[in-house]
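In what follows, a single structure is set out as structure tokens and then discussed.
The values are calculated or read from the model by the stated rules, or taken from the named source; none is laboratory data. Please read all numbers here as calculations on a predicted model, not as lab measurements. So basically every Cβ, Gly included, is an ideal-geometry build from the backbone, and we count neighbours across all protein chains shown.
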Amino acid sequence: MQEDNPVLTTTKRIPWNKGKLIGAKPPLRPKHVWSIRTKLQVAGRIRDLALFNLAIDSKLRGCDVVALKVENVAPSGYAVDRATVRQKKTGQPVKFELTEQTRQSVDDYLRTAHKHPGDPLFTGKRGAGQCMTTRQYARLLGTWVAGIGLDPRSFGTHSLRRTKATLIYRRTGNLRAVQLLLGHTKIESTVRYLGIEVDDALAIAEQVDICLYRAEIVGSARPFPAFRFSSHKSSRRQSSSFLFKELRIAWGHSDHFRFSPEGARDDVRDLSAIGGTADQKCSL
């Protein structure tokens, strides 16, 4: 007598990320930030406005944002300029700044919600004594993003953490400052976090130029030397003004100076070539 072998039926496992956008979420652009702020202000959503502004300024992870206490940002009843929070992931303290707009929105929220030191700053549906969950925070962000016409699947709570950090790096190129603001222990983590590539390094290098300038006294036949210095394009005028002051101090003249670029000349002469001393050389 043969026994019937049971047929094993297996159900096909569906991946949790099927049909979802995975990977690092991009930061919000400045125009997106202002659009969300405007919509929240018009709608009178005081709590959401305070939450959004604080998440942008603090550059904290979502779990740290929802776990904030009143005394973390307003120990005396009013929002402070700078605050310190211990991160849950690393256990290390991190400092962040609160802009005037953020402080105003937090003060308005504390006043209307009747918050006191010791209370969770942002409460959710679990009760008055319980802080908001990260899931509820993510759903709120989805409604904010969808309200300005963006795809909520493309952004997450980490987008708010990256927004100001990315903007600071693009404007200054100071990677160490971004590392401190994000609370990273290794600079390599900040590099991967910002997605810095060769194109970013070349873009920073293109902002620096080396120019040759010549200064002379107006109405005088005595030429002044040409100076070669490197300056950022946006601050070249300030560097030129600084060179003016250095020349006037070194030579003791009260005449007016003429300052003109001479990119075609390659020779750079110092003050000693026309009677100056080594102490009178101007270096930038």
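The helices (runs of 4 or more DSSP H) falling completely within region 27-114 that include 2 or more residues that are buried (at least 21 other Cβ atoms within 10 Å of the Cβ) map to 30-43, 46-58, 62-66, 100-113.
To keep it simple, each residue is scored yes or no on (1) surrounded by 20 or more Cβ atoms within 10 Å (Cβ to Cβ); (2) of a type in the set (Gly, Ala, Ser); (3) not assigned by TED's automatic domain parsing to the domain that holds residue 54.
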site: 146; (1), (2), (3): no, yes, no
site: 149; (1), (2), (3): no, yes, no
site: 153; (1), (2), (3): no, no, no
site: 161; (1), (2), (3): yes, no, no
site: 169; (1), (2), (3): yes, no, no
site: 174; (1), (2), (3): no, no, no
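Please work out if residue 134 is closer than 22 Å to residue 185 by Cβ and in the same structural domain as residue 34 (by TED's automatic domain parsing). Answer is no for this residue. Does region 105-116 contain at least one residue that is touching a strand residue (DSSP E or B) at 6+ places or on another chain (Cβ under 9 Å) and under 23 Å from residue 164 (Cβ atoms)? Looking for residues that are touching a strand residue (DSSP E or B) at 6+ places or on another chain (Cβ under 9 Å) and under 23 Å from residue 164 (Cβ atoms), one finds none in region 105-116, hence no. So, residue 129, is that one in a loop (DSSP other than H, G, I, E, B), assigned by TED's automatic domain parsing to the domain that holds residue 160 and on the phi > 0 side of the Ramachandran plot or not? No; evaluated as a whole, the condition is false for this residue.
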